[in-house]
Amino acid sequence: MSRAYRICVVCTGNICRSPMAELVLRELLEAEGLGEEVVVDSAGTTAWEVGNPADPRTLEVLRRHGHVHPSHALHRARAFERRWFAELDLVLAADHGHYSTLRRLAPTPQDKAKVRMLRSFDAAGLAEAEQEMADPWYGDDADFERTYAEVVPAARGVVEHVRRELDR
């Protein structure tokens with residue numbers, strides 16, 4: 001393979017949903033032996049949180065579920081940039097607002113096709129209306145746990161998608 005397959009997970013501020021999904025997805029890909037062939041990162045549709053670390057509640061949920069990689073503490077929020085489409089293979093939106101924003105930003109029809117709802121990869125075959133991930137930032141610990149419970153099966157589905165894309 002001449003270059004890595006590149007994925008970007010996107011939410012609003014890049015401090016809750018997208019870094020959680022990025023970190024879980026990266027760990028699953030590494031566990032499946034695809035870590036060297038796939039680059040995963042994340043971003044927000046806004047610049048509100050640029051430079052901030054992941055929400056402490058995101059990191060706590062990850063820790064409780066056994067995700068303790070040192071890179072978690074290094075996360076810094078960033079805003080998605082239109083020019084990134086040229087290098088990305090898959091752009092995963094956390095909710096329908098992000099999906100619409102990303103598709104508007106996409107410079108070509110091919111780039112629009114790279115944008116998918118993260119939960120569209122859940123093996124449960126969720127209807128479009130069920131693919132929305134609520135922002136846990138406004139809630140409590142239970143909301144972050146719900147986000148984690150939504151991220152994991154979707155991330156597993158993304159790994160299977162990537163395996164097919166890479167013909168593995």
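The values are calculated or read from the model by the stated rules, or taken from the named source; none is laboratory data. The model shown is predicted, which means the values in this text are computed figures rather than measured ones. When we count neighbours, we look across all protein chains shown, and the Cβ atoms used for this are built from the backbone with ideal geometry, even at glycine. The area values use the complete protein model at the heavy-atom level, side chains included, leaving out ligands, DNA and RNA. Shrake-Rupley method; radii C 1.70, N 1.55, O 1.52, S 1.80 Å.
Note on the range 21-168: with neighbouring protein chains present and a 1.4 Å probe, carbon and sulfur make up 52 percent of its accessible heavy-atom surface. The shape of the range 40-168 can be summarised by an equivalent ellipsoid whose semi-axes, obtained from the alpha carbon gyration tensor, come to 23, 19, 16 Å from longest to shortest.
When the chain is fully extended, how far beyond the present Cα-Cα distance does residue 141 get from residue 160, taking 0.36 nm per residue of separation? Stretched fully, the residue 141-residue 160 segment lengthens by 3.9 nm.
Screening the chain for DSSP H helices whose Cα atoms reach 15 Å or more along their own axis and whose mean Kyte hydropathy is at least -0.5 gives 17-31. Each label was represented as a point 7 Å from its Cα along the Cα-to-Cβ direction; for residue 83 and residue 3 these points are 1.4 nm apart. Excluding ligands, DNA and RNA, the accessible surface per residue across the chain is 49 Å² with a 1.4 Å probe.
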